[in-house]
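Heads up: the structure comes next, in structure tokens.
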């Protein structure tokens, strides 16, 4: 527990805590925005198509590298 010697110290500490709280709120808003964007139907479809194309590419590459595959 911190002991304060003046009201000014308390006010400074409260201001710091208030600013830290505002920073954390803004981080949370930003995280929510990116999460909301990442689960949009367009992003999900794009991600699925990209994964399928990537698997097909590497599958063909493996077939060429390893003929017995």
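Please treat every number below as a calculation from the coordinates, not as lab data. Predicted model only: the values in this text are computed from it and were never measured.
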- Item | Mean projected area (nm²) of the alpha-carbon convex hull when the chain is viewed from all directions | 9.4 nm²
- Message: Helix 41-65 against the longest principal axis of the chain: what's the angle in degrees, Cα atoms only, rounded to the nearest 10?
- Response: 50 degrees
